[in-house]
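Scroll down for the structure; my scribbles are underneath it.
No value in this document is a laboratory result; all are computed from the given coordinates. Keep in mind that this is a model prediction, so the values were computed, not measured. No Cβ is skipped: glycine too gets one built from the backbone with ideal geometry, and neighbour counts run over all protein chains shown.
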Amino acid sequence: AARAVGLLFMVLLDLTALVGNAAVVGVIARTPALRKFVFVFHLCLVDLVAALTLMPLEMLVGSALGGSPGLCRLYLFLLVCLSSACILSISTLSLERYYSVVHPLRYEAHMTPTLAAGVLAGVWLKAVATSLVPVLGWLSPERPHAGQGCSLRWSPGAACKVFVAFLAAFYFALPLLVIVVTYCRMFRVARVAAAQRGPQPTRLGETP
């Protein structure tokens, strides 16, 4: 019963992610005025791909087919790749919003489609390179060890611990620091701008 409830919850979560991200991608793609939000579009596209691939594969690896080494390798590759791409996309979006708010003139002059394409290419290059490390590096060709299942701890040894620590530092702690710093800075700039603008003048006949 608990497994059925968990499976139902995963299906509902997957459907919600599919509908929500597909709606945002569709709106941006069909509205010319919104196409400048390329990093938002890319983030939603990554989440859409993750909903189409990771959730079904996670259901498979948790079933009787989960003992297949090939299926487990594919799942781990997509898990690390899409998770890394998503986190890097959020960090990139935070930096892009930071420069658009704090340095608007510099942003308008330098944020070209070529630069945006280069940044997104760098995101995917890093994500794919990171995801290849565990798949080609230390995962044994045999079945996962008992009790470990299809996870980054498939094979024993220090290599997996170092890699997990690397993921935690460079794909969670560092992006979190970037997001916090950029949004705190944007909040300070917005507060200073609001203070400099001052209260709006009251029209004749209106009560303040």
> At a Förster distance of 35 Å, what's the computed FRET efficiency of residue 128 paired with residue 193, Cβ-Cβ distance as r, to 0.05?
Replying inline: 0.30
> In nm, to one decimal, how far is the residue 158 label point from the residue 173 one, both placed 7 Å along Cα→Cβ?
Replying inline: 1.8
